Structures are given as C-alpha cells and as structure tokens.
Amino acid sequence: MIVLAWEVNLNKMKLLDYFKSSQKEENNFNLLPDGIFTLEQDGKIVDINNKVLEMYGLTRFEILGHYFSDFIENGTSVLNKIVQNNTSMTARAIMKNDEIRNVYFDISATRNAQTSKVYVVARNITKKQVEQNTISERYIVAQKIIDEKNDFLLESSGSILSSLVSISGFSRALLDGIGGALSEKQQKYLNIINTNSKDLSYDLEKLFALFRLESKKIEYNTKGFDLISLIKSIDRVYKKDFQDKKVIFSLDYATLTERDCFLDGEVVEYILRCIMDIFLRFSNLGKCSLNIGHPPVEFLKQKDFLANDSLEPTKYVLFEAKITDLVFSQDELENIFDTYYKSSTKRPIGLKATLNLLKLYITDFRGDIWVYSKQNFGTMFTFVLPLR
C-alpha cells in the first residue's frame, strides 16, 4: 500500500513536471486519468478535461469561466499553500447537488511562469484516504512544531543551566562561610536552595539532552576504546560520592574478557554515568550494584540477538544495574520509557528523561534495555550493547 501510494504520487509529480514545461494549450487532457484544471492567475477556470466533468457531473459550460473556489472549498487558500510549499493537500469538493456531501479530492498544482497559468491535478479519494491524509498533514505540522521547539530550547539551554549553576555555586559558597557566619535558619534555607537548584539542574540537563537526541542533532563518533579502562575511570569518579552518601556500591566486571569496544566512547560513558546518577540520587543508605560481563547464549537466543550470523557472547556486553531503594509500580513499568506519560506516581522529570535517553542511545547502538522492579527487591536495569 505504501509503495503503491508512492508510485501514485510519483506519477502525479511527473504530470506536474509536464505542465511546467513549455507546451501548447491545445494538449489533449482527456487522455489523462485525473481531473485537470487550467486556471488563470486569479483562479478563473479556462480549461478542463472530461474527467473533471465526470467528477462533478456538470457540463463544460457550467464550469468554464467560473473560479476554482466555486468547486473546491477554500480553493484559493488551498492552491496558495500547495504551490508555495510544493506539496499536495486534501480538499472538500463543492457539489452543485447539496445532497452529495463529503466528496474529497487529493489536489496538487504547479504554476507555469511562461504561460502564466496554474495547472491543477485532482484525484477522487475515499473517506479512509481522507483520514489518512489528514493524519499525515497533522503529523507534518506537529513534527515541525516539535523541531522548532527543540531548536529553541537547545539554543536557550546554555543560559538556563548556567543560571542554575550560579545559584548552586553561590548558595554553596554562603554555606561554606564566604559571607560570614549564618544562623541556623539561614543555613536551613540555603541548604534547600542548594539542593533544589542541583536537582533542577540535573533534571533540565537530562531533558535538554533528550531534546537534542529527539532533534537528531547527535552524530556518533565510533572508534575503538578500552571498555575496562572506561569502567575503572567511572568507578574512581563516583567512589567518593557513594562513600559520602553512605551507599553501599559494588562493581564486578571480572567475567568481561573482551575489552575492545568500537562504539562512541563518550556516549557509552554517558550511559554508565546515567546509571550511576540514578544510584546516587535515589539511594538512601541502600545497596547498589553494577555487574558487567558477556551475556549467555541462552539469553541472546531468548532476546533474539544475532551477531554476524552467529550467537557469540563475546560480541556483546551485558550490564546488570540494581538499586534496592527504587521501586516502580506496574503502571510505571509499562510506560517507563515514555518521558511524557502521565503516571499516577510523581517522579522527577529528570528520571523519566534519563530512562528515555538510555533507551534511545542503547537502541541506536542496536542494543536493548529491560527493567524489572518489585517490592523488597528494588529495580534491575538490564541492557545489552554490541561491542561493534
């Protein structure tokens, strides 16, 4: 069906190209399968083919000399949009018989600069096709709005995040005594300001990163790097944070035998940092663990992975990240990778954005991620990445 629609549109484009070329007005439009209107610049109809007569059930006398808007609802506006945007639109026909309603045409048009004429191709479409075209048109409009929104937010992200860094930094400086001694109430309020500004900065950073990924402004730099060295460096960075928060964290990558990875090293690091940030933000004297190794063959078969026509565990890396203090409801699990899903359980937007980022990045690398969560167990994030 999609291929057929594409072929129909291609044929229509070829027909429009025919009208763009230098030609004589006496061309025999009656051989063409679609309705053809030839219009003056003001929309007055100067020629039609027999298909138009068949579509409307009228005579040539009843059509010629009249205006396109007399036969197509908002005809002038429709033509302007089609010609200016080089696209096609669905429009409702204005029928002479009022009992005939909901007749729609798929309309394309082109303007010939040499003849100063506008040529319109009209094709009957069904109610189902009208609905599909309407959905398609709305999708295009919605996608344009989303792209413009993402561009605006990404351009604004730097100033927004820098303002929050200033709030966090100055509040921290005041807490450290740079402005003199503080009362107990002042310390309490400054601690709230500092904590909230950090949390908001984290949430917005993840949200902006998601917007950047949604806008397809990410270009991956795939080159070789040492995966074990990357894991060790991240462990060193976060070790003190876990100790300060008194969270028990264990890391095990002893079974990881293949260390050469050929993905985007910065993105893989970002994925692991997202996991560590979730651990730190949602752990309260609990336990966190990150086990890294190669997935069993049975696991690859169950999850339908295939590498180079053979299931070789060493071509993949399996990450199992567990946190005991974070539990998701069944409703949350079913929509866990949908940032904009309105759950009954309030979660920070940063957590939703982070999980969506993980899903998008991992699937971009042709990996996959799953989440298991249960009371008295916590939550396990399991994800697989190919090494190439």
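The values are calculated or read from the model by the stated rules, or taken from the named source; none is laboratory data. Remember, predicted model here, so these are calculated numbers, not experimental data. Glycine also receives a Cβ, built like all others from the backbone with ideal geometry; neighbour counts cover every protein chain displayed. The area values use the complete protein model at the heavy-atom level, side chains included, leaving out ligands, DNA and RNA. Shrake-Rupley method; radii C 1.70, N 1.55, O 1.52, S 1.80 Å.
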Out of everything in the stretch 139-189 that is within 20 Å of Glu205 (Cβ to Cβ) and of a type in the set (Asp, Glu), what residue ends up being surrounded by the most Cβ atoms within 10 Å (Cβ to Cβ)?
Asp151
Any residue in the stretch 244-261 that is surrounded by 17 or more Cβ atoms within 10 Å (Cβ to Cβ), β-branched (Val, Ile, Thr) and touching a Gly at 6+ places or on another chain (Cβ under 8 Å)?
yes
Write out, first by first residue and then by second, each pair whose Cβ atoms fall under 6 Å of each other, whose residues are 6+ apart or on separate chains, and whose first residue, in the stretch 181-204, is closer than 13 Å to Phe170 by Cβ while the second is open to solvent by 50 Å² or more (accessible area, probe 1.4 Å) and of a type in the set (A, V, I, L, M, F, W, C).
Leu190/Leu174; Ser197/Ile167
Any chance the stretch 90-99 includes a residue that's β-branched (Val, Ile, Thr), surrounded by 11 or more Cβ atoms within 10 Å (Cβ to Cβ), without any contact (Cβ under 8 Å) to a residue 24 or more places away in the chain and under 22 Å from Pro33 (Cα atoms)?
no
Output the number of the condition that Leu358 fails; it satisfies all remaining conditions of (1) closer than 20 Å to Tyr270 by Cβ; (2) modelled with pLDDT under 85; (3) under 16 Å from the mean Cα position of the chain (by Cα).
(2)
Which condition does Leu58 not pass, out of (1) over 28 Å from Lys144 (Cβ atoms); (2) modelled with pLDDT under 85, if it passes all the others?
(2)
Here is a list: Leu79, Leu58. Which entry is free of Cβ contacts under 8 Å to residues at least 60 places away in the same chain, closer than 16 Å to Glu40 by Cβ and not in a strand (DSSP E or B)?
Leu79
Scanning for something outside any helix (DSSP H, G or I) and open to solvent by 20 Å² or more (accessible area, probe 1.4 Å), does the stretch 348-359 turn up at least one residue?
yes
For the stretch 187-216 the number of residues that are under 21 Å from Leu360 (Cβ atoms) and in contact with a helix residue (DSSP H, G or I) (Cβ under 7 Å, 6 or more places away or on another chain) is 14
Taking the stretch 114-138 only, how many residues are modelled with pLDDT under 70 and open to solvent by 50 Å² or more (accessible area, probe 1.4 Å)?
9
Among (1) modelled with pLDDT under 85; (2) assigned to a strand (DSSP E or B); (3) touching a Ser or Thr at 6+ places or on another chain (Cβ under 7 Å), Met89 falls short only on (3)
Suppose we keep only residues that are closer than 28 Å to Phe208 by Cα and of a type in the set (Asp, Glu) within the stretch 218-243. Which one would you say is least open to solvent (accessible area, probe 1.4 Å)?
Asp235
If you take the residues in the stretch 247-265 that are in contact with a Ser or Thr (Cβ under 9 Å, 6 or more places away or on another chain) and closer than 30 Å to Leu285 by Cα, which one is modelled with the lowest pLDDT?
Val247
Being among the basic types (Lys, Arg), out of contact with any strand residue (DSSP E or B) (no Cβ under 8 Å at 6 or more places or on another chain) and either touching a residue at least 40 places away in the same chain (Cβ under 8 Å) or closer than 18 Å to Ser229 by Cβ (or both) is the filter here; which residues of the stretch 246-297 pass it?
Arg273, Arg281
